[in-house]
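Have a look at the structure below, then the notes.
The values are calculated or read from the model by the stated rules, or taken from the named source; none is laboratory data. As the structure is a prediction and not an experimental result, all values here were calculated from the model. Every residue, glycine as well, gets a Cβ built from its backbone with ideal geometry; the counts of neighbours run over all protein chains shown. These area figures cover heavy atoms from the full protein model, side chains too; ligands, DNA and RNA do not enter into them. Shrake-Rupley method; radii C 1.70, N 1.55, O 1.52, S 1.80 Å.
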Amino acid sequence: MEEKKDIYVLGIESSCDETSASIVKNGTKEMATVIASQIDIHKDFGGVVPEIASRHHVKNITMVLEECLQKANMTIDEVDAIAITYGPGLIGSLLIGLEAAKTLAFIYNKPLIPVHHIAGHIYANSLVGELKFPLLAVVVSGGHTELIEMKNHYQFNKLGGTLDDAIGECYDKVARVMGLEYPGGPKLDKLAIEGDVTYKLPVPLKDDSYNFSFSGLKSAVINLAHNEEQRGNELRNADLAASFQKVAVESITNKVRKAIIDKEIKNVIVAGGVAANKILRAAMQELTDELNVELSIPPMKYCTDNAAMIAAAGYYAYKDGRRADLALNSKSQDTLK
Ligand code: KG4
Ligand code: ZN
(Lines give C-alpha, C1' and ligand atoms only; values in the text may rest on other atoms or scores of the structure.)
(Ligands and ions follow the chains in the order given, each with its own letter.)
Protein backbone atom coordinates (compact mmCIF):
# COMPACT_ATOMS: atom_id res chain seq x y z
CA MET A 1 0.00 0.00 0.00
CA GLU A 2 1.20 3.48 -0.79
CA GLU A 3 2.25 5.40 2.29
CA LYS A 4 0.08 8.42 3.03
CA LYS A 5 2.08 11.59 2.71
CA ASP A 6 1.70 14.27 5.33
CA ILE A 7 0.45 17.58 3.95
CA TYR A 8 1.91 20.79 5.35
CA VAL A 9 -0.02 23.96 4.64
CA LEU A 10 1.38 27.43 5.21
CA GLY A 11 -1.48 29.78 6.11
CA ILE A 12 -1.37 33.56 5.87
CA GLU A 13 -3.95 35.88 7.48
CA SER A 14 -4.06 39.68 7.27
CA SER A 15 -7.77 40.53 6.94
CA CYS A 16 -7.97 43.00 9.82
CA ASP A 17 -5.33 44.09 12.32
CA GLU A 18 -3.40 40.86 12.86
CA THR A 19 -0.54 39.82 10.57
CA SER A 20 -0.17 36.09 11.00
CA ALA A 21 1.53 33.05 9.44
CA SER A 22 1.23 29.43 10.50
CA ILE A 23 2.18 25.94 9.35
CA VAL A 24 -0.33 23.17 10.04
CA LYS A 25 0.12 19.45 9.30
CA ASN A 26 -2.83 17.52 7.84
CA GLY A 27 -5.30 20.22 8.88
CA THR A 28 -5.03 19.30 12.53
CA LYS A 29 -1.54 19.70 13.97
CA GLU A 30 -0.11 23.17 14.47
CA MET A 31 3.65 23.22 13.79
CA ALA A 32 4.18 26.94 14.43
CA THR A 33 2.18 30.16 14.44
CA VAL A 34 3.33 33.76 14.57
CA ILE A 35 0.93 36.67 15.13
CA ALA A 36 1.83 40.35 15.06
CA SER A 37 -1.09 42.15 16.66
CA GLN A 38 -1.85 45.85 16.23
CA ILE A 39 -4.34 46.22 19.09
CA ASP A 40 -2.13 48.70 20.97
CA ILE A 41 -1.75 50.83 17.85
CA HIS A 42 -5.50 51.13 17.14
CA LYS A 43 -6.57 51.48 20.78
CA ASP A 44 -6.05 55.24 20.76
CA PHE A 45 -8.49 55.58 17.84
CA GLY A 46 -11.26 53.49 19.42
CA GLY A 47 -11.23 51.04 16.52
CA VAL A 48 -9.16 49.70 13.62
CA VAL A 49 -8.00 52.41 11.19
CA PRO A 50 -7.73 50.64 7.80
CA GLU A 51 -4.93 52.77 6.35
CA ILE A 52 -2.77 52.35 9.45
CA ALA A 53 -3.52 48.61 9.53
CA SER A 54 -2.29 48.14 5.92
CA ARG A 55 0.95 49.98 6.62
CA HIS A 56 1.68 47.76 9.59
CA HIS A 57 0.94 44.61 7.60
CA VAL A 58 3.54 45.73 5.06
CA LYS A 59 6.03 46.28 7.86
CA ASN A 60 5.33 42.93 9.55
CA ILE A 61 4.60 40.38 6.85
CA THR A 62 8.15 39.30 5.89
CA MET A 63 9.29 39.07 9.49
CA VAL A 64 6.19 37.08 10.48
CA LEU A 65 6.73 34.59 7.63
CA GLU A 66 10.43 34.14 8.37
CA GLU A 67 9.80 33.68 12.07
CA CYS A 68 7.07 31.13 11.39
CA LEU A 69 9.34 28.95 9.23
CA GLN A 70 12.09 29.25 11.82
CA LYS A 71 9.79 28.28 14.66
CA ALA A 72 8.51 25.27 12.71
CA ASN A 73 12.11 24.41 11.83
CA MET A 74 11.09 24.05 8.20
CA THR A 75 11.98 25.54 4.84
CA ILE A 76 9.39 26.73 2.38
CA ASP A 77 10.35 23.80 0.10
CA GLU A 78 8.86 21.45 2.68
CA VAL A 79 5.50 23.21 2.53
CA ASP A 80 2.92 21.55 0.23
CA ALA A 81 0.51 24.44 -0.30
CA ILE A 82 -0.05 28.07 0.59
CA ALA A 83 -3.44 29.05 2.01
CA ILE A 84 -4.45 32.69 2.02
CA THR A 85 -7.39 34.63 3.44
CA TYR A 86 -8.68 36.31 0.26
CA GLY A 87 -11.67 37.88 2.10
CA PRO A 88 -13.81 39.16 3.60
CA GLY A 89 -12.04 41.92 5.48
CA LEU A 90 -10.35 45.28 5.02
CA ILE A 91 -9.29 45.41 1.40
CA GLY A 92 -5.95 47.16 1.97
CA SER A 93 -5.05 44.69 4.72
CA LEU A 94 -6.12 41.63 2.73
CA LEU A 95 -4.01 42.69 -0.26
CA ILE A 96 -0.75 42.61 1.71
CA GLY A 97 -1.19 38.97 2.75
CA LEU A 98 -2.47 38.03 -0.70
CA GLU A 99 0.53 39.51 -2.52
CA ALA A 100 2.90 37.73 -0.15
CA ALA A 101 1.08 34.41 -0.69
CA LYS A 102 1.02 34.83 -4.47
CA THR A 103 4.71 35.71 -4.56
CA LEU A 104 5.66 32.62 -2.53
CA ALA A 105 3.36 30.37 -4.60
CA PHE A 106 4.91 31.68 -7.82
CA ILE A 107 8.56 31.55 -6.77
CA TYR A 108 8.40 28.17 -5.05
CA ASN A 109 5.82 26.68 -7.41
CA LYS A 110 3.28 25.77 -4.71
CA PRO A 111 -0.50 25.47 -5.07
CA LEU A 112 -2.32 28.60 -3.89
CA ILE A 113 -5.46 27.86 -1.83
CA PRO A 114 -8.07 30.61 -1.41
CA VAL A 115 -9.62 30.57 2.07
CA HIS A 116 -12.70 32.51 3.20
CA HIS A 117 -12.02 34.10 6.60
CA ILE A 118 -15.13 32.51 8.14
CA ALA A 119 -14.06 29.05 6.94
CA GLY A 120 -10.91 29.73 8.95
CA HIS A 121 -12.85 30.57 12.12
CA ILE A 122 -14.85 27.35 11.68
CA TYR A 123 -11.79 25.17 11.05
CA ALA A 124 -10.03 26.56 14.13
CA ASN A 125 -11.96 23.74 15.76
CA SER A 126 -10.19 21.04 13.76
CA LEU A 127 -6.96 22.04 15.54
CA VAL A 128 -8.46 20.69 18.76
CA GLY A 129 -10.89 17.95 17.72
CA GLU A 130 -12.80 16.29 14.94
CA LEU A 131 -15.74 18.06 13.32
CA LYS A 132 -18.95 16.01 13.31
CA PHE A 133 -21.69 16.49 10.74
CA PRO A 134 -24.35 17.81 10.35
CA LEU A 135 -22.67 20.71 12.07
CA LEU A 136 -23.80 24.21 12.96
CA ALA A 137 -21.14 26.90 13.12
CA VAL A 138 -22.04 29.95 15.17
CA VAL A 139 -19.61 32.61 13.98
CA VAL A 140 -19.52 35.58 16.34
CA SER A 141 -16.77 38.16 15.95
CA GLY A 142 -16.05 41.84 15.50
CA GLY A 143 -16.95 41.61 11.83
CA HIS A 144 -19.37 38.67 11.62
CA THR A 145 -22.46 37.12 13.13
CA GLU A 146 -23.47 34.10 11.06
CA LEU A 147 -25.06 30.69 11.31
CA ILE A 148 -23.54 28.19 8.90
CA GLU A 149 -24.78 24.65 8.36
CA MET A 150 -22.26 22.01 7.21
CA LYS A 151 -23.28 18.54 6.05
CA ASN A 152 -19.69 17.59 5.28
CA HIS A 153 -16.16 18.98 5.11
CA TYR A 154 -15.92 22.22 3.19
CA GLN A 155 -19.62 22.34 2.33
CA PHE A 156 -21.08 25.53 3.69
CA ASN A 157 -24.70 26.60 3.73
CA LYS A 158 -25.29 30.01 5.25
CA LEU A 159 -28.59 29.91 7.15
CA GLY A 160 -28.53 33.54 8.20
CA GLY A 161 -26.50 36.42 9.47
CA THR A 162 -26.64 39.92 10.82
CA LEU A 163 -28.66 42.44 8.87
CA ASP A 164 -26.58 45.33 10.23
CA ASP A 165 -23.85 45.41 12.93
CA ALA A 166 -21.87 42.35 13.98
CA ILE A 167 -22.25 41.27 17.60
CA GLY A 168 -18.62 42.09 18.52
CA GLU A 169 -18.98 45.52 16.94
CA CYS A 170 -22.11 46.04 19.05
CA TYR A 171 -20.27 44.92 22.20
CA ASP A 172 -17.45 47.36 21.45
CA LYS A 173 -19.81 50.28 20.81
CA VAL A 174 -21.90 49.60 23.91
CA ALA A 175 -18.66 49.28 25.92
CA ARG A 176 -17.68 52.72 24.68
CA VAL A 177 -20.89 54.16 26.18
CA MET A 178 -19.62 52.79 29.50
CA GLY A 179 -16.24 54.42 29.00
CA LEU A 180 -14.40 51.13 28.37
CA GLU A 181 -11.35 51.15 26.13
CA TYR A 182 -11.33 49.44 22.69
CA PRO A 183 -11.82 46.53 22.23
CA GLY A 184 -14.44 46.85 24.94
CA GLY A 185 -16.13 43.43 24.50
CA PRO A 186 -13.94 41.51 26.96
CA LYS A 187 -13.99 44.39 29.47
CA LEU A 188 -17.80 44.58 29.31
CA ASP A 189 -17.92 40.81 29.84
CA LYS A 190 -15.81 41.17 33.00
CA LEU A 191 -17.78 44.15 34.32
CA ALA A 192 -21.09 42.30 33.91
CA ILE A 193 -20.06 39.80 36.61
CA GLU A 194 -20.45 42.57 39.20
CA GLY A 195 -23.86 43.65 37.90
CA ASP A 196 -27.47 42.52 37.87
CA VAL A 197 -29.98 42.50 35.03
CA THR A 198 -31.96 45.59 36.04
CA TYR A 199 -32.27 47.58 32.80
CA LYS A 200 -34.92 46.55 30.31
CA LEU A 201 -33.65 46.24 26.74
CA PRO A 202 -35.41 44.80 23.67
CA VAL A 203 -34.41 41.36 22.31
CA PRO A 204 -33.75 42.17 18.65
CA LEU A 205 -35.35 40.42 15.67
CA LYS A 206 -37.57 37.93 17.47
CA ASP A 207 -38.76 36.34 14.25
CA ASP A 208 -38.72 33.03 12.41
CA SER A 209 -35.57 33.68 10.38
CA TYR A 210 -31.97 32.76 11.18
CA ASN A 211 -30.96 36.40 10.97
CA PHE A 212 -29.71 38.82 13.60
CA SER A 213 -29.80 42.56 14.12
CA PHE A 214 -27.70 44.49 16.60
CA SER A 215 -27.91 48.13 15.61
CA GLY A 216 -31.29 48.58 17.33
CA LEU A 217 -29.91 47.14 20.56
CA LYS A 218 -26.90 49.44 20.35
CA SER A 219 -29.20 52.46 19.86
CA ALA A 220 -31.39 51.32 22.76
CA VAL A 221 -28.34 51.36 25.06
CA ILE A 222 -27.21 54.78 23.79
CA ASN A 223 -30.74 56.18 24.31
CA LEU A 224 -30.96 54.69 27.77
CA ALA A 225 -27.62 56.26 28.75
CA HIS A 226 -28.83 59.60 27.39
CA ASN A 227 -32.14 59.50 29.24
CA GLU A 228 -30.50 58.58 32.52
CA GLU A 229 -28.07 61.44 32.12
CA GLN A 230 -30.88 63.90 31.40
CA ARG A 231 -32.73 62.72 34.48
CA GLY A 232 -29.56 63.24 36.50
CA ASN A 233 -29.35 59.51 37.29
CA GLU A 234 -25.94 57.89 37.42
CA LEU A 235 -25.56 55.04 34.95
CA ARG A 236 -24.98 51.75 36.77
CA ASN A 237 -22.43 50.42 34.30
CA ALA A 238 -22.13 46.91 35.72
CA ASP A 239 -25.92 46.49 35.69
CA LEU A 240 -26.11 47.85 32.16
CA ALA A 241 -23.37 45.42 31.08
CA ALA A 242 -25.28 42.49 32.61
CA SER A 243 -28.59 43.65 31.09
CA PHE A 244 -27.04 44.13 27.65
CA GLN A 245 -25.30 40.74 27.69
CA LYS A 246 -28.49 38.93 28.61
CA VAL A 247 -30.33 40.32 25.60
CA ALA A 248 -27.44 40.04 23.12
CA VAL A 249 -26.77 36.41 24.06
CA GLU A 250 -30.45 35.52 24.09
CA SER A 251 -30.83 36.78 20.54
CA ILE A 252 -28.07 34.34 19.50
CA THR A 253 -29.32 31.33 21.43
CA ASN A 254 -32.93 31.78 20.20
CA LYS A 255 -31.79 31.33 16.60
CA VAL A 256 -29.28 28.59 17.42
CA ARG A 257 -32.04 26.60 19.14
CA LYS A 258 -34.21 26.86 16.04
CA ALA A 259 -31.36 25.79 13.73
CA ILE A 260 -30.39 22.78 15.87
CA ILE A 261 -33.96 21.51 15.81
CA ASP A 262 -34.78 22.32 12.15
CA LYS A 263 -31.52 20.96 10.74
CA GLU A 264 -31.02 17.99 13.11
CA ILE A 265 -27.60 19.24 14.11
CA LYS A 266 -25.13 16.89 15.90
CA ASN A 267 -22.28 19.28 16.63
CA VAL A 268 -22.42 22.99 17.39
CA ILE A 269 -19.21 24.96 17.16
CA VAL A 270 -18.80 28.53 18.30
CA ALA A 271 -16.11 30.54 16.53
CA GLY A 272 -14.76 34.10 16.43
CA GLY A 273 -13.61 36.52 19.11
CA VAL A 274 -16.97 36.74 20.91
CA ALA A 275 -16.75 32.97 21.56
CA ALA A 276 -14.62 34.07 24.53
CA ASN A 277 -17.70 35.62 26.14
CA LYS A 278 -18.53 33.94 29.43
CA ILE A 279 -22.31 34.38 29.28
CA LEU A 280 -22.49 33.17 25.67
CA ARG A 281 -20.37 30.11 26.50
CA ALA A 282 -22.57 29.25 29.48
CA ALA A 283 -25.78 29.78 27.50
CA MET A 284 -24.54 27.63 24.62
CA GLN A 285 -23.51 24.89 27.04
CA GLU A 286 -26.93 24.92 28.65
CA LEU A 287 -28.74 24.87 25.31
CA THR A 288 -26.67 22.05 23.79
CA ASP A 289 -26.95 20.00 27.01
CA GLU A 290 -30.71 20.41 26.89
CA LEU A 291 -30.94 19.39 23.23
CA ASN A 292 -28.30 16.66 23.60
CA VAL A 293 -25.91 18.08 21.02
CA GLU A 294 -22.13 18.18 21.19
CA LEU A 295 -20.63 21.64 21.73
CA SER A 296 -17.11 22.65 20.68
CA ILE A 297 -15.55 25.99 21.42
CA PRO A 298 -11.90 26.42 20.46
CA PRO A 299 -9.44 27.72 23.07
CA MET A 300 -9.12 31.49 23.12
CA LYS A 301 -5.92 31.63 21.06
CA TYR A 302 -7.81 30.04 18.15
CA CYS A 303 -10.93 32.20 18.60
CA THR A 304 -9.34 35.49 17.63
CA ASP A 305 -7.80 36.03 14.20
CA ASN A 306 -4.81 33.78 13.49
CA ALA A 307 -3.24 31.98 10.55
CA ALA A 308 -3.39 28.49 12.09
CA MET A 309 -7.13 28.44 11.42
CA ILE A 310 -6.48 29.53 7.82
CA ALA A 311 -3.90 26.78 7.32
CA ALA A 312 -6.31 24.21 8.84
CA ALA A 313 -9.15 25.34 6.56
CA GLY A 314 -6.63 25.46 3.70
CA TYR A 315 -5.89 21.76 4.15
CA TYR A 316 -9.56 20.81 3.74
CA ALA A 317 -9.94 23.24 0.83
CA TYR A 318 -6.87 21.61 -0.74
CA LYS A 319 -8.43 18.14 -0.27
CA ASP A 320 -11.62 19.53 -1.83
CA GLY A 321 -9.59 20.43 -4.92
CA ARG A 322 -9.84 24.18 -4.48
CA ARG A 323 -7.04 26.12 -6.13
CA ALA A 324 -6.46 29.70 -7.20
CA ASP A 325 -4.12 31.13 -9.80
CA LEU A 326 -2.11 34.31 -9.64
CA ALA A 327 -5.14 36.32 -10.81
CA LEU A 328 -6.74 35.76 -7.37
CA ASN A 329 -7.97 39.04 -5.93
CA SER A 330 -8.95 40.12 -2.43
CA LYS A 331 -12.63 40.68 -1.68
CA SER A 332 -13.86 42.91 1.11
CA GLN A 333 -17.18 41.03 1.05
CA ASP A 334 -17.94 37.50 -0.11
CA THR A 335 -20.41 34.76 0.76
CA LEU A 336 -18.93 31.59 2.20
CA LYS A 337 -19.49 28.72 -0.23
O1 KG4 B 1 -12.62 37.31 15.76
P2 KG4 B 1 -12.04 38.59 16.22
O3 KG4 B 1 -10.68 38.58 16.88
O4 KG4 B 1 -11.90 39.61 15.05
C5 KG4 B 1 -12.78 39.65 13.98
O6 KG4 B 1 -12.64 38.84 13.02
O7 KG4 B 1 -13.69 40.50 14.06
O8 KG4 B 1 -13.12 39.26 17.21
C9 KG4 B 1 -12.88 40.45 17.90
C10 KG4 B 1 -14.17 40.86 18.61
C11 KG4 B 1 -14.11 42.26 19.22
O12 KG4 B 1 -15.29 42.93 18.88
C13 KG4 B 1 -14.05 41.98 20.73
O14 KG4 B 1 -14.61 42.99 21.51
C15 KG4 B 1 -14.86 40.71 20.82
O16 KG4 B 1 -14.46 39.95 19.70
N17 KG4 B 1 -14.62 39.98 22.08
C18 KG4 B 1 -15.55 39.81 23.04
C19 KG4 B 1 -14.94 39.09 24.08
N20 KG4 B 1 -13.64 38.84 23.72
C21 KG4 B 1 -13.48 39.39 22.48
N22 KG4 B 1 -16.83 40.21 23.09
C23 KG4 B 1 -17.52 39.89 24.20
N24 KG4 B 1 -17.01 39.21 25.24
C25 KG4 B 1 -15.73 38.80 25.23
N26 KG4 B 1 -15.23 38.11 26.26
ZN1 ZN C 1 -12.07 37.00 12.42
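Cα-Cα over 29 Å: which of LYS25/LYS263; LYS258/LYS337; LYS25/LYS301; LYS4/LYS59?
Over 29 Å Cα-Cα: LYS25/LYS263; LYS4/LYS59.
Of all DSSP beta bridges in the stretch 131-297, what percent run antiparallel (nearest 5)?
Roughly 55 percent of the DSSP beta bridges within the stretch 131-297 come out antiparallel.
Placing unit charges on C-beta atoms (Lys and Arg positive, Asp and Glu negative, everything else neutral), compute the dipole magnitude of the chain about its Cα centre in debye, rounded to 20. Write down the numbers at each step before the final one.
On the way: 36 positive and 44 negative charges, 78 e Å.
Here the size comes out at about 380 debye.
Which whole-Hz ³J(HN,Hα) couplings does the stretch 301-308 yield from phi under the Karplus relation 6.51 cos²θ - 1.76 cosθ + 1.60, θ = phi - 60°, glycine and proline marked x?
In residue order, the calculated couplings are 4, 9, 7, 7, 4, 7, 8, 5 Hz.
Round to the nearest 10 and give me the degree value, 0 to 90, for the angle of helix 237-263's Cα axis relative to the longest principal axis of the chain.
Orientation of helix 237-263: about 60 degrees from the principal axis.
Using the alpha-carbon atoms, what tilt in degrees (0 to 90, nearest 10) does helix 91-108 show relative to the longest principal axis of the chain?
20 degrees
Would you please give the residues with an amide H less than 5 Å from that of GLY272, counting only those at least 5 places away or on a separate chain, with H modeled from the backbone geometry?
Here the answer is VAL140, since their amide H atoms fall under 5 Å of that of GLY272.
Taking θ = phi - 60°, what integer Hz values does the Karplus form 6.51 cos²θ - 1.76 cosθ + 1.60 yield along the stretch 165-179, in sequence order, with x for Gly and Pro?
My calculation for the stretch 165-179 gives 6, 7, 4, x, 4, 5, 4, 5, 6, 5, 4, 5, 4, 8, x Hz in order.
Accessible area per residue, 1.4 Å probe, Å², for the stretch 187-248: what's the number? Working shown, then result.
Numbers: 3420 Å² over 62 residues.
Ligands and nucleic acids excluded, the result is 55 Å² per residue.
How large, in percent, is the carbon and sulfur part of the accessible surface of the chain at a probe radius of 1.4 Å?
Roughly 49 percent, rounded to a whole number.
Tell me, what are the semi-axes, in whole angstrom and largest first, of the equivalent ellipsoid of the chain as set by the roots of 5 times the Cα gyration tensor eigenvalues?
36, 24, 16
At 4 °C and 1.567 mPa s, what whole-number value in µm²/s does Stokes-Einstein give for the translational diffusion of the stretch 189-336, with Rh from the Kirkwood sum over Cα pairs? Write down the numbers at each step before the final one.
On the way: Rh = 18.2 Å.
Taking Rh from Cα pairs, D becomes 71 µm²/s.
Could you list which residues have their amide H under 5 Å from that of PHE212, counting only those 5 or more apart in sequence or on another chain, with H placed in the peptide plane?
Under 5 Å from the amide H of PHE212: GLY161, THR162, LEU163.
Among GLN155, THR145, LEU205, which residue has its Cα positioned farthest towards the positive end of the charge dipole of the stretch 131-297, with +1 placed on the Cβ of Lys and Arg, -1 on the Cβ of Asp and Glu, and the dipole taken about the Cα centre?
GLN155
Only bridges whose two residues both fall in the chain count here: according to DSSP, what percent of them are antiparallel, nearest 5?
Bridges in the chain are about 60 percent antiparallel.
Determine the shape class of the stretch 1-101: with a ≥ b ≥ c the square roots of the Cα gyration tensor eigenvalues, call it rounded for a/c under 1.5, and otherwise prolate if a/b is greater than b/c, oblate otherwise. Mind dumping the intermediate values first?
On the way: a/c = 2.65, a/b = 2.23, b/c = 1.19.
Cα axes put the stretch 1-101 in the prolate bin.
Just how large is the dipole of the stretch 131-297 about the Cα centre, in debye to the nearest 20, putting +1 at every Lys and Arg Cβ and -1 at every Asp and Glu Cβ?
Dipole of the stretch 131-297, to the nearest 20 debye: 220 debye.
Going by average Cβ neighbours within 10 Å, how do the peptides 233-245, 282-294 rank, with the highest at the top?
Most protected by this proxy first, the peptides run 233-245, 282-294.
Where does helix 215-230 land angle-wise versus the long Cα axis of the chain, in degrees 0 to 90, nearest 10?
The two axes meet at around 40 degrees.
When the helices in the chain are scored as -39500 (n - 2.57) per DSSP H run of 4 or longer and the sum is shared across all residues, what 222 nm value do you end up with, to the nearest 500 deg cm²/dmol? Display every interim value, and only then the final one.
Working: 11 runs with 146 residues, N = 337.
Rounded to the nearest 500, it is -14000 deg cm²/dmol.
Rounded to whole Hz and in sequence order, give me ³J(HN,Hα) for the stretch 316-333 from the Karplus expression 6.51 cos²θ - 1.76 cosθ + 1.60, θ = phi - 60°, writing x for Gly and Pro.
6, 5, 4, 5, 7, x, 7, 9, 10, 9, 6, 7, 3, 10, 6, 10, 6, 9
Which shape class applies to the stretch 128-220: rounded if a/c is under 1.5, otherwise prolate when a/b exceeds b/c and oblate if not, where a ≥ b ≥ c are the square roots of the Cα gyration tensor eigenvalues?
Judged from the Cα gyration tensor, the stretch 128-220 comes out prolate (a/c at least 1.5, a/b above b/c).
Shape of the stretch 92-165 from its Cα gyration tensor (a ≥ b ≥ c, root eigenvalues): rounded if a/c is under 1.5, otherwise prolate when a/b > b/c, or oblate? Don't skip to the end; give the middle numbers.
On the way: a/c = 2.64, a/b = 1.51, b/c = 1.75.
Because a/c hits 1.5 or more and a/b fails to exceed b/c, the stretch 92-165 counts as oblate.
Relative contact order for the stretch 131-297: what percent, with Cα pairs under 8 Å and sequence separation of 6 or more? Each step should come with its number before you reach the end.
Numbers: 309 pairs, mean separation 47.7, N = 167.
With pairs under 8 Å counted, the relative contact order is 29 percent.
Between VAL49, VAL64, VAL249, which gets the highest mean-square fluctuation from a Gaussian network model of the chain, Cα cutoff 10 Å?
Fluctuation is largest for VAL49.
When only Cα pairs under 8 Å and 6 or more residues apart are kept, what is the percent relative contact order across the chain?
The value is 26 percent.
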